[in-house]
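Chemist: Mind looking over this structure? Questions follow.
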Amino acid sequence: MTFASAVYWSLFVVAFLAVAIWESVRPKRELSWPAGRRWGRHGLLLAIAGVISTVVFRVSPIAMATAVSGSRFGILNRPWLPFLVRCAATIILLDLLHYATHRAFHSFAVLWHVHEVHHSDPDFDVSTSGRFHPIEVVLVQGATLGAVALLAPPPVAVFASSLLAMALNFFSHANAALPKRLDALVRAVLVTPDMHRIHHSEEIAEQSRNFGQTFPWWDRLFGTYLADPAAGEKMTTGITGIRGVSSLGLGFMLAEPFRRSVADAPAANVRPEPDNA
């Protein structure tokens, strides 16, 4: 195992456990199904997606960044650009890419059927962060590799971006909440659980809000930010019609994109009233 891999997986375990302990001690809401059952199935889905993505591409974004570091066509490998500027630009641009790909999964029916696996979790907690269909993982990884090849960013910045995205993915899916005042402060810089939970609302109009993964700026900039759900604390997460124990099955999650969807309309086609909060 390389040093980068050791650091990544160490932080993966620490970040997951930290969020898991937080939401166990101070849960935001009671779960519909036992956490152990959901965590096991979501963990298996995450492992399958990771293996398939590795087999398909056989190269990581960090390895791609190293390979193209000397490219004449790279946007961010210009010697006149200060190193710290290139690193900051890498983290910001890769997060913008995630916002764009996430919004695309809500904008086109064929992509929504794949992404629906993530939203069909009847509950919302740290394990939801691993509930992604392998097809989505492969598509997002392909987009990331393409962006890295185009940008030719510093490999260390790509690594930092992956660490930040992974940790914030756990944090933003926590079945927990920051105190209101602290949430307002943190939300100015990072996506918080209360902000992202709105995106998992059962209301289709609210699913088309708060796409950001790490930074909340893109939602504010592109008009997709929503401060609070219409139902307030009574907001229900998941997808209407998918509530039974079958939704927790590994077979169900793997086959879901190929069945007739209960939510055929792409969520981003529903345009809610502008929110100025």
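The values are calculated or read from the model by the stated rules, or taken from the named source; none is laboratory data. Because the structure is predicted, anything quoted here is derived from the model rather than measured. Using ideal geometry, Cβ is built from the backbone for each residue, glycine included, and neighbour counts are taken over all protein chains shown. Just so you know, the surface numbers come from the protein's heavy atoms only, side chains and all, with ligands and any DNA or RNA stripped out. Shrake-Rupley method; radii C 1.70, N 1.55, O 1.52, S 1.80 Å.
Chemist: Could you check Gly241 against (1) over 20 Å from Phe108 (Cβ atoms); (2) modelled with pLDDT of 90 or more; (3) surrounded by 10 or more Cβ atoms within 10 Å (Cβ to Cβ) and say which number it fails?
Modeler: For Gly241, the failing item is (2).
Chemist: Given the stretch 102-213, what helices (runs of 4 or more DSSP H) lie entirely inside it while holding 3 or more residues that are on the phi > 0 side of the Ramachandran plot?
Modeler: Where helices (runs of 4 or more DSSP H) fall fully within the stretch 102-213, none carries at least 3 residues being on the phi > 0 side of the Ramachandran plot.
Chemist: Here's something else I'd like to know. Residues in the stretch 210-234 that are within 19 Å of His118 (Cβ to Cβ) and open to solvent by 10 Å² or more (accessible area, probe 1.4 Å): how many?
Modeler: Residues that pass the stated criteria total 4.
Chemist: Let me ask another. Determine which member of the set Gly130, Gly142, Gly74 is surrounded by fewer than 21 Cβ atoms within 10 Å (Cβ to Cβ), closer than 24 Å to Leu46 by Cβ and out of contact with any Ser or Thr (no Cβ under 8 Å at 6 or more places or on another chain).
Modeler: Residue meeting the stated conditions: Gly142.
Chemist: As an exercise: evaluate Leu151 against (1) in contact with a His (Cβ under 9 Å, 6 or more places away or on another chain); (2) at pLDDT 95 or above and give the number of the one condition it does not meet.
Modeler: (1)
Chemist: Then there is this: With Arg38, Arg26 as the choices, which residue is among the basic types (Lys, Arg) and crowded, with 18+ Cβ neighbours inside 10 Å?
Modeler: Arg38
Residues checked against (1) out of contact with any strand residue (DSSP E or B) (no Cβ under 8 Å at 6 or more places or on another chain); (2) modelled with pLDDT of 95 or more; (3) part of a helix (DSSP H, G or I); (4) of a type outside the set (S, T, N, Q):
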residue: Ala4; (1), (2), (3), (4): yes, no, yes, yes
residue: Val14; (1), (2), (3), (4): yes, yes, yes, yes
residue: Val19; (1), (2), (3), (4): yes, yes, yes, yes
residue: Lys28; (1), (2), (3), (4): yes, no, no, yes
residue: Ala49; (1), (2), (3), (4): yes, yes, yes, yes
residue: Ile52; (1), (2), (3), (4): yes, yes, yes, yes
residue: Val56; (1), (2), (3), (4): yes, yes, yes, yes
residue: Leu76; (1), (2), (3), (4): yes, no, no, yes
residue: Pro79; (1), (2), (3), (4): yes, no, no, yes
